[in-house]
Amino acid sequence: MGWVSADDPKWIERFSGLSEVQFARLVALVRRRGGDVQRGRPWRLPLENRVLLVATYWRTNLTLRQVAPLFGVSKSAADRILDHLVPLLALSPARRLRKDTVYIVDGTLVPTRDRSVAASSKNYRYSINLQVVIDANSRLVVAIGLPLPGSRNDCRAFAESGVDRFCRGAPTLADGGYQGTGLLIPHRRRRGQTHLSAHQEAENAVHRRARARVEHALACLKNWTILRDCRLKGNGVHQAMLGIARLHNLALTG
């Protein structure tokens, strides 16, 4: 039986969305972070295949009982791989701001079956609200907030998720749901005002075009099926989002 392996480039692109060179960079990063550290039983799979197993799990949203046989390992071995590698794949928030840095923030709902961290939300499913911040110029994800119940509105979630501290010192665009946060939101009609001025309408058009970049980024992240119906419990969905964001950024930077 032929198993899925990083030795075959077609599996790398299909399940990680990365080229061979990009995937090699990712594996090198995980190795520097301690991916080859061995505790207890030796790893049956080389590091490249272990990283690919995690990416396959996120991309397909198959259960570990289904993913493990694809790589020729047991479910318990796949569990160990996830527990060890997922934190090492997590995105690190941006540390330095360039002078021309502009951020865009938006919230996205991720359906999850763990009702201890989710709530019924506007998508009519139990979901969590994840706040995502991207760089407007590079379109890279720079920060992801802590998960909050899906019923939490964005203006509260922005501060409660912790992403507000990553936006300090940089102009940050957001939609009208972030009113009162101090972010740059579209012009709105005031009480008694029948329409916006031509100048305000023009500024709103520019704002919409720029803010569309975060919508495109969220759409790319949601291509990973695990973010459409997440079975992970507790902090698992947040860790998955951080890892997927790193793979997304790596695919963009080439």
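Output the pairs from K10/K75; K10/K122; K99/K122 with a Cα-Cα distance over 27 Å in this structure; if there are none, say none.
Beyond 27 Å: K10/K122; K99/K122.
Send over a whole-number figure in Å² for the accessible area per residue of the range 165-254, probe 1.4 Å.
Here the per-residue accessible area is 56 Å².
Taking each pair of distinct Cα atoms in the range 12-68 once, what is the resulting Kirkwood hydrodynamic radius in Å?
One over the average 1/r among Cα pairs gives 12.1 Å for the range 12-68.
Give, in nm to one decimal, the length gained when the segment between T253 and L196 is fully stretched (0.36 nm per residue of separation minus the Cα-Cα distance).
Extending this stretch completely gives an extra 16.6 nm.
For the range 129-193, what is the convex hull volume of its Cα atoms per residue in Å³?
Spelled out: Cα convex hull of the range 129-193, divided by residues, is 94 Å³.
Can you give the Rg to Rh ratio of the chain, both from alpha-carbon atoms, with Rh computed by the Kirkwood formula?
On the Cα set of the chain, Rg over Rh gives 1.03.
Before rounding to the nearest 500, sum -39500 (n - 2.57) across all DSSP H runs of length at least 4 in the chain and divide by the residue total; then give [θ] at 222 nm in deg cm²/dmol.
Estimated from H runs of four or more residues: -13500 deg cm²/dmol.
Which value, in Å³ per residue, describes the convex hull spanned by the Cα atoms of the range 174-228?
That works out to 106 Å³ per residue.
How tilted is helix 236-253 with respect to the longest principal axis of the chain? Cα atoms for both, answer in degrees (0 to 90, nearest 10).
Roughly 80 degrees between the two axes.
Give the ranking of Y124, Y178 by solvent-accessible surface, highest area first, calculated with a 1.4 Å probe.
Correct descending sequence by accessible area is Y124, Y178.
Could you grab the Rg to Rh ratio for the range 79-131? Cα atoms only, Kirkwood for Rh.
We get a ratio of 1.12 for the range 79-131.
Under a 10 Å cutoff between Cα atoms, tell me which one of V30, V132, V214 has the largest fluctuation in the Gaussian network model of the chain.
Highest fluctuation of the listed residues: V30.
Please state the equivalent ellipsoid semi-axes for the range 1-112: what are the square roots of 5 times the Cα gyration tensor eigenvalues, largest first, in whole Å?
So the equivalent ellipsoid measures 28, 17, 15 Å along its semi-axes.
How much accessible area per residue does the range 1-43 have, in Å², with a 1.4 Å probe?
That works out to 67 Å² per residue.
Can you give the angle from 0 to 90° between the axis of helix 20-32 and the longest principal axis of the chain, with both taken from C-alpha atoms, to the nearest 10?
Around 80 degrees separate the two axes.
So, R0 is 45 Å and r is the distance between the beta-carbons of R39 and R208; what FRET efficiency does that work out to, to 0.05?
Computed FRET efficiency for R39 and R208 comes out at 0.35.
For the full complex of protein chains and a 1.4 angstrom probe, list E13, E48 by accessible area with the highest value first.
E13, E48
Find the Cα radius of gyration of the range 82-211, compare it with 2.2 N^0.38 Å by division, and give the number to two decimals.
So the range 82-211 has a normalised radius of gyration of 1.19.
The values are calculated or read from the model by the stated rules, or taken from the named source; none is laboratory data. As the structure is a prediction and not an experimental result, all values here were calculated from the model. Glycine also receives a Cβ, built like all others from the backbone with ideal geometry; neighbour counts cover every protein chain displayed. When the accessible area is computed, the model is the full protein with side chains, heavy atoms only, and any ligands, DNA or RNA have been set aside. Shrake-Rupley method; radii C 1.70, N 1.55, O 1.52, S 1.80 Å.
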